[in-house]
Each structure stands twice: as C-alpha cells, then as structure tokens.
Amino acid sequence: MKYISLNLLFLLTIGISSFAQIASSFDPKPFSYAIVVKNIDVSIGWYQSVFGLKLRNRNDSPERGSKIAVLQSGDTLLELIEVNTLLSRDSILHGTPERTLIQGFVKIGFKVSDLDASHKRLEESQVKFFGDVYVDSFSKKRSFLISDPDENLIQIFE
C-alpha cells in the first residue's frame, strides 16, 4: 500500500509539473486588431493623426472589392478594411432600441500613461467622445470612450 501511495504521488507530481510546463508555454499577447471602415483613406488619416500610428502596408484589390491598410504602433497592428459590400450600422440596427449592439467585437483599447493629458489632447483634436470618464470599481483605474469616423468605439485606459 505504501508503494502504491508513493507511486501515485510520484505520478501526480509529474503530471502537475508537465501541465505547468504546457500552461506556461501558452502566453498569448495582443498583436493585431481589424476594423471595417467606410472610407479607408479617411480612417488612415484619422488613426495617424489621433494615435500617431504608422502605415505599414496597403493592399487595394479592385477585383475582390476591398482595400486593406495595416497601421502599426510598436508591436501592435491595426488592420483597416474597406469592402464594397459594407452594411452600415444604422441600416442593421434601424428600428431597434437605443444602445442595441451587434454581436461580435465592440471596441478596441489603447493604454496611455497620462489619462488627463490624453483626454485634453483628444478634446483639442475634436474627437467624438462617447460618455464620460469611467472609474472601474475594482481596480480604481479610469478610462473613457471615443469613436472613430465610422463610430467604432475605442477605449482609452490609464
């Protein structure tokens, strides 16, 4: 019985350490986001001027009816996609209650070092704000929402 208990303990220890090694090898980090936009040129200009993103590459494909631009900030990519078959949010949500959302991603977020200075800079840039500064009840961190030219929501975190 003593040997069975020791063997079980040994197998359990090996199993836990193997799982820990597998779990620690899976360490995902945000890398890219994609947003469907109405006018890619307007959106490229907006994201460059508001967030200082750099154009990494652009691919216009008339035969596919699409234009794709990839903007970059550090290691993070933002893909802007314009397609000929775009459905507007207003046409999809026409007749629904106010604040109805479409299933899928709702917003992207940017972290800033100084929320107050960022808020002021965005106000001066005449960016459209969506609500007021929000304070998370758990972390006490503040954030606020803005929208891009296509009314995609962007959350700014401190």
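The values are calculated or read from the model by the stated rules, or taken from the named source; none is laboratory data. All figures in this text were calculated on a predicted structure; none of them were measured in a lab. For neighbour counting, all protein chains shown are included, and Cβ atoms are generated from backbone atoms with ideal geometry for every residue, glycine included.
Checking the structure you have, find out if any residue of the range 114-122 is surrounded by 13 or more Cβ atoms within 10 Å (Cβ to Cβ), in a strand (DSSP E or B), in contact with a helix residue (DSSP H, G or I) (Cβ under 9 Å, 6 or more places away or on another chain) and not acidic (Asp, Glu). Even if it seems obvious, please write down each step before you answer.
The initial filter retains those residues of the range 114-122 that are surrounded by 13 or more Cβ atoms within 10 Å (Cβ to Cβ), namely 115, 118-119, 121-122.
Remaining after also requiring in a strand (DSSP E or B): none.
No, because not a single residue in the range 114-122 is surrounded by 13 or more Cβ atoms within 10 Å (Cβ to Cβ), in a strand (DSSP E or B), in contact with a helix residue (DSSP H, G or I) (Cβ under 9 Å, 6 or more places away or on another chain) and not acidic (Asp, Glu).
Considering the range 75-102 alone, what residues qualify as being at pLDDT 85 or above, assigned to a loop (DSSP other than H, G, I, E, B) and among the charged types (D, E, K, R)?
Asp75
Please work out if Lys67 is surrounded by 10 or more Cβ atoms within 10 Å (Cβ to Cβ), part of a loop (DSSP other than H, G, I, E, B) and not β-branched (Val, Ile, Thr). Break it down stepwise before answering.
Working: surrounded by 10 or more Cβ atoms within 10 Å (Cβ to Cβ): yes; part of a loop (DSSP other than H, G, I, E, B): no; not β-branched (Val, Ile, Thr): yes.
No; evaluated as a whole, the condition is false for this residue.
Check whether at least one residue in the range 85-94 is surrounded by 10 or more Cβ atoms within 10 Å (Cβ to Cβ), over 29 Å from Glu123 (Cα atoms), over 14 Å from the mean Cα position of the chain (by Cα) and without any contact (Cβ under 8 Å) to a residue 24 or more places away in the chain, and report yes or no.
Within the range 85-94, one or more residues are surrounded by 10 or more Cβ atoms within 10 Å (Cβ to Cβ), over 29 Å from Glu123 (Cα atoms), over 14 Å from the mean Cα position of the chain (by Cα) and without any contact (Cβ under 8 Å) to a residue 24 or more places away in the chain.
So which of Gln72, Gln21 ends up being at pLDDT 90 or above and not assigned by TED's automatic domain parsing to the domain that holds Pro149? Steps first, answer last, please.
Working: Gln21 fails: at pLDDT 90 or above.
After applying the criteria, what remains is Gln72.
Given the options Phe138, Phe129, name the one that is free of Cβ contacts under 8 Å to residues at least 60 places away in the same chain, in the same structural domain as Phe157 (by TED's automatic domain parsing) and touching a helix residue (DSSP H, G or I) at 6+ places or on another chain (Cβ under 8 Å). First the steps, then the outcome.
Values: Phe138 fails: touching a helix residue (DSSP H, G or I) at 6+ places or on another chain (Cβ under 8 Å).
Among Phe138, Phe129, only Phe129 is free of Cβ contacts under 8 Å to residues at least 60 places away in the same chain, in the same structural domain as Phe157 (by TED's automatic domain parsing) and touching a helix residue (DSSP H, G or I) at 6+ places or on another chain (Cβ under 8 Å).
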